[in-house]
Amino acid sequence: MDCDQVMIMGPDNISDNATKDDGSDGGRDDGYLTGQLLIAMPTMGDPRFARTVIYLCAHSADGAMGLVVNKQADEIDFPELLSQLEIETEGVQSPIPVLVGGPVETGRGFVLHSLDYRQDSTLEVSEDVGLTATVDILRSIAEGAGPARSLLTLGYAGWSAGQLDDEIQANGWLNVSADASLLFDGNLSDKWDRAVRKVGIDPSFLSAEAGHA
């Protein structure tokens, strides 16, 4: 990744897709999964998503958009990102994880955060989780004036109309309600296991089943 190309902004259609939903939280009953977690199953055929946990920011008849929340970005950390974006602070008071959000537009940055922090441009994905993609939120976080809980991803995962639904039907993904402790926890190495347990499944059972496939 070329760090000089990182931009804190989102695809133009993210807000449009999300606002086509009814504004309810992850407990929605319209058949869409906005605000929920996707958990990649061992049958997932795309190695880029092996053992990933994805927070769905938008899901509608037009497609879906989500952020991987358990893959560390090895090439850059938060202070370096601030430097690349020429954000001057008195020192980073509250560094946050920088994650690989997905394979699409990896030069774009997205901040998932608790809704104690809002901007005019903040997309309220659920009752307690927002998505903001501006330089201002990074500056606020760096100065210790940002949201109580947050993470930054570079890139996102996107699906065309009906594509995610087909992958779920093919047992490529499980979905489960999101909670802040799992979503924002910085312990990435076992986040997939914990998400699977939240569904009520023993992760070792899935691994064993994959071995016999």
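Any read-out appearing in this document is the output of simple, stated calculations on the displayed coordinates, not a laboratory observation. What you see is a predicted model; the values in this text were computed from it and never measured. Cβ placement follows ideal geometry from the backbone for every residue including glycine, while neighbour counts extend to all protein chains displayed.
Could you order peptides 117-126, 53-62 by the average number of other Cβ atoms within 10 Å of their residues, highest first?
53-62, 117-126
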Worksheet item: All other residues with a Cβ under 13 Å from the Cβ of K198 taken together, and with Lys, Arg as +1 and Asp, Glu as -1, what is their net charge?
Response: -2
Worksheet, complete the sentence: In nanometres, the difference between 0.36 nm per residue of separation and the alpha-carbon distance of V104 and N187 is 27.5 nm
Practice prompt. In nm, give the distance between the simple-model label positions of T43 and R197, each being 7 Å from the Cα along the Cα-to-Cβ direction.
Written response: 2.5 nm
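Using the number of other C-beta atoms within 10 angstrom as an exposure proxy, rank T34, T52 with the fewest first. The partial results should precede the final answer.
Details: T34 26, T52 23.
So the ranking, lowest neighbour count to highest, is T52, T34.
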Item to complete: At 7 Å along the Cα-to-beta-carbon direction for both D74 and E124, put a label point, then send me their distance in nm to one decimal.
Response: 4.0 nm
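Using Cβ contacts closer than 10 Å as the measure, can you line up Y32, Y156 from fewest to most?
On the way: Y32 20, Y156 25.
Listed from fewest to most nearby Cβ atoms, that is Y32, Y156.
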